[in-house]
Amino acid sequence: MEYKKKVLFISDDSGKKYLEQLKANPFDVEVTAVEASHLLLDPKKYLTDVGHVIVAADIEVAKQIMMFGSQQEFTLAFLPLDSQKQFVRLLDLSSKVDENIEIALRDDAKEIDLIECNGVLVEFKATIGQVPLIDLVSQRGRPGMVFHALKIGASQFFKMRLQQFEIETANGKKIRTAASGAFVLEHGRQSILSRMILSDHSRRDGQVLLVLVSPFSVVEYLKFLFSIITFSSTQKTLPDAIGIIKSKEITVNAIGSKEVVLDEHSSVALPAKFKVKEHGIKINAGAKFWEENVQKSPEKETIKIDNLPDEKEMKKYLNSHIPFFSYASEERFKELFLSLRKDSETDMHYIVLMLLSTILATIGLFSNSSAVVIGAMLLAPLMAPIVSFAMGMLRADERMIEFSLMKITAGITLALLASAGVALLLPELALTNEMKSRINPNLLDMGVAVFSGVAAAYSKSFKEIAQSLAGVAIAVALVPPLSVAGIGLGQGNMDVFFGAFLLFFTNLVGISIAATLTFQALGFSSVVKSRKSMFIVSALLIATSFPLYFSYSKIIQSYQLEKFIEQSRFLVNDKYVIIKSVSVVDRDEVTVIDLTLSVREALKRQDLELLRQRLQDQVEHKLFIRAEVEYIL
């Protein structure tokens with residue numbers, strides 16, 4: 001490695017500490033300290049025999065010397081101050097001063113681009129408008145950046161609004177769009193954000209990179225920030241809220257902003273003209289910097305703005321705070337809305353499938369066959385109109401709400417009549433375990449309904465995962481409880497009817513509300529517009545929750561009683577009684593307990609009565625106990 005013979009050293013008060021160490025370098029390089037102002041006033045005096053300058057000063061002095069260097073054609077190196085971590089990352093420098101001194105004294109400087117904004121140098125980043133918390137997440141929590149970025153970003157976060165941007169490139173391409181903010185990004189690949197936005201750019205490609213951030217909602221912006229945190233080098237597509245423009249010259253104006261903030265230290269007024277200076281500056285940097293910033297000939301302009309709002313969408317967002325949830329326009333989701341409207345319409349296919357799935361489910365229930373019941377779940381078409389009803393409530397589409405409710409009502413009626421008809425044809429058959437499992441719903445069933453509604457809305461929203469709707473149908477099981485309710489009607493057993501229909505109704509309202517809120521979170525409307533429909537369904541959900549809660553409480557009480565009995569050893573009239581197995585079932589006002597007892601001595605009637613009394617003390621309801629006794633010999 002070859003080193004310079006003579007260098008000039010420019011520093012401020014913070015950088016003077018490096019002077020002695022620099023002069024004591026082991027490479028016999030002569031170091032002369034000079035004031036920045038003196039060099040700028042009389043460059044010939046200092047640069048006649050010296051063509052290399054080392055800077056250890058604040059960012060404004062460093063930028064001033066860089067601009068001056070592009071005119072005087074001297075080479076440049078940096079000794080970063082303790083606060084200048086950006087220089088360290090950007091130029092692949094070291095945290096050790098002696099290593100940075102060695103790099104600074106090398107005779108291997110290469111040219112990099114200089115980007116200026118209205119004649120002022122941009123070294124790291126120029127920002128227009130609001131891009132809150134971007135520095136915090138792009139640094140992935142570097143301690144020195146966290147508090148500063150969080151303080152500034154938090155104050156802006158919920159005040160973001162889209163403003164009109166007017167942009168013109170070097171080739172005369174004019175772009176009019178809306179964004180909350182924009183920035184000209186440093187070209188260094190040491191930045192996670194720069195690598196994520198455009199992986200092939202360089203500080204030596206002769207172009208300016210403008211990034212526009214245009215979230216339709218707070219949620220969408222949070223997704224953008226999260227995508228930076230979880231960025232992978234294999235990622236090929238831009239985040240939804242991002243657009244990029246790359247050209248050797250870009251003019252930007254923002255209606256709503258007055259200035260461009262440069263490197264967080266200074267500002268210039270809008271409109272702003274960003275361009276690559278005709279002559280760059282030759283600098284010293286670490287090996288990795290040159291590997292990642294290969295010299296390139298200027299390429300064609302790059303314009304990727306498909307994610308930015310069009311003219312119609314701009315009008316909805318300009319001059320107002322962006323909503324928490326975004327508003328999905330008919331144009332952007334036309335295919336989905338057409339599909340949901342079709343799903344809300346009753347046709348012969350729906351009627352046939354409802355009848356077939358109900359009859360199949362009823363036969364499966366009577367034969368106690370889980371496989372047949374699951375097949376009926378997959379065949380049942382009842383989920384489609386419920387999801388359409390949810391979207392109708394969200395967007396206040398009266399036609400979709402009306403048609404969906406008519407379709408749901410028709411499906412319920414057909415299912416009840418068909419299953420009741422099958423039950424009338426088979427009057428001698430008793431209730432099976434498959435039926436009994438669907439006549440005592442509780443809050444856990446409500447949880448299944450809610451999460452199934454979320455899954456149904458999410459699956460319907462994305463064509464690539466639409467096949468998951470089959471799994472949702474199995475999870476929520478809409479037709480089997482309807483079939484059990486119909487069996488109850490056919491057999492004249494109202495307890496079975498009301499219990500099974502409560503389970504179905506729980507699924508219906510749970511799915512409707514969960515799907516509505518999921519569609520809202522996915523951006524199909526910023527608010528639930530049909531408030532009346534949503535209020536009615538929510539009221540039904542609350543009303544349904546009361547019997548489910550009491551049923552769930554009984555399950556908990558039964559479980560606690562089982563555990564108490566299982567873990568207890570009873571001494572009854574000096575005889576040890578071991579509970580080998582226990583089963584607790586609540587029936588109306590009576591709790592039925594089936595026990596298997598292990599004893600060494602025969603139990604008399606008074607022994608059993610004492611055991612019953614001890615168990616009765618644990619519950620409020622009357623106990624009915626059936627016991628099987630095993631003798632240990």
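Things to note:
- Residue 4 vs. criteria farther than 16 Å from residue 123 by Cβ, within 53 Å of the chain's Cα centre (by Cα) and buried (at least 19 other Cβ atoms within 10 Å of the Cβ): yes
- Condition check for residue 33: of a type in the set (Gly, Ala, Ser), surrounded by fewer than 17 Cβ atoms within 10 Å (Cβ to Cβ), modelled with pLDDT of 90 or more and not assigned by TED's automatic domain parsing to the domain that holds residue 184: yes
- Among the residues of region 40-64, those that are in contact (Cβ under 8 Å) with a residue 24 or more places away in the chain and farther than 19 Å from residue 81 by Cβ comprise 40, 43, 46, 47, 49, 50, 51, 52.
- Residue, modelled with the highest pLDDT, within region 546-579, restricted to residues that are part of a strand (DSSP E or B) and exposed (fewer than 13 other Cβ atoms within 10 Å of the Cβ): 571
- Flag for residue 398 being acidic (Asp, Glu), closer than 18 Å to residue 489 by Cβ and surrounded by fewer than 23 Cβ atoms within 10 Å (Cβ to Cβ): no
A quick yes/no check of all residues on (1) more than 30 Å from residue 207 (Cα to Cα); (2) surrounded by 13 or more Cβ atoms within 10 Å (Cβ to Cβ); (3) in contact with a Cys (Cβ under 6 Å, 6 or more places away or on another chain):
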site: 13; (1), (2), (3): yes, no, no
site: 16; (1), (2), (3): yes, yes, no
site: 52; (1), (2), (3): no, yes, no
site: 94; (1), (2), (3): no, yes, no
site: 103; (1), (2), (3): no, yes, no
site: 110; (1), (2), (3): no, yes, no
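- Among (1) surrounded by fewer than 23 Cβ atoms within 10 Å (Cβ to Cβ); (2) among the small types (Gly, Ala, Ser); (3) closer than 20 Å to residue 496 by Cβ - the single one residue 339 does not satisfy: (3)
- Comparison of 411, 375 shows that the only residue that is free of Cβ contacts under 8 Å to residues at least 24 places away in the same chain and touching a helix residue (DSSP H, G or I) at 6+ places or on another chain (Cβ under 7 Å) is 375.
- Check on residue 423, in contact (Cβ under 8 Å) with a residue 60 or more places away in the chain, in the same structural domain as residue 387 (by TED's automatic domain parsing) and small (Gly, Ala, Ser): yes
- Scan region 236-258 for residues that are in contact (Cβ under 8 Å) with a residue 60 or more places away in the chain and out of contact with any helix residue (DSSP H, G or I) (no Cβ under 9 Å at 6 or more places or on another chain) and the total you get is 13.
- Cβ pairs under 7 Å, 6+ apart, first in region 510-533 and more than 18 Å from residue 222 (Cα to Cα), second outside any helix (DSSP H, G or I) and modelled with pLDDT under 75: 516/528
- Complete set of residues in region 466-517 that are of a type in the set (Ser, Thr, Tyr) and modelled with pLDDT under 85: 468
- Within region 265-280, restricting attention to residues that are surrounded by fewer than 16 Cβ atoms within 10 Å (Cβ to Cβ) and not in a strand (DSSP E or B), the residue that is modelled with the lowest pLDDT is 265.
- Residues within region 60-87 that are part of a helix (DSSP H, G or I), hydrophobic (A, V, I, L, M, F, W, C) and modelled with pLDDT of 85 or more, tallied: 6
- Test for residue 506: is it hydroxyl-bearing (Ser, Thr, Tyr), over 27 Å from the mean Cα position of the chain (by Cα) and under 22 Å from residue 370 (Cβ atoms): yes
- Reported count of residues in region 392-450, each being part of a loop (DSSP other than H, G, I, E, B), within 18 Å of residue 541 (Cα to Cα) and in contact with a Phe, Trp or Tyr (Cβ under 7 Å, 6 or more places away or on another chain), is 1.
- Of all residues making up region 405-441, the number that are surrounded by 15 or more Cβ atoms within 10 Å (Cβ to Cβ), of a type in the set (S, T, N, Q) and farther than 15 Å from residue 366 by Cβ: 1
- Filter result (of a type in the set (A, V, I, L, M, F, W, C) and either farther than 20 Å from residue 507 by Cα or out of contact with any helix residue (DSSP H, G or I) (no Cβ under 7 Å at 6 or more places or on another chain) (or both)) within region 425-443: 425, 426, 429, 430, 431
- Residue that is surrounded by the most Cβ atoms within 10 Å (Cβ to Cβ) [pool: residues in region 247-261 that are touching a Leu at 6+ places or on another chain (Cβ under 8 Å) and within 23 Å of residue 61 (Cβ to Cβ)]: 260
- Cβ-Cβ contacts under 9 Å between residues 6 or more apart (or on different chains), taken from a first residue in region 112-140 that is within 25 Å of residue 161 (Cα to Cα) and of a type in the set (D, E, K, R) to a second residue that is at pLDDT 80 or above and part of a strand (DSSP E or B), are listed as 125/183; 125/184; 125/261; 125/262; 135/125.
The values are calculated or read from the model by the stated rules, or taken from the named source; none is laboratory data. Not measured: the values here are computed from a predicted model. Neighbour counts run over all protein chains shown; Cβ positions are idealised from the backbone, glycine included.
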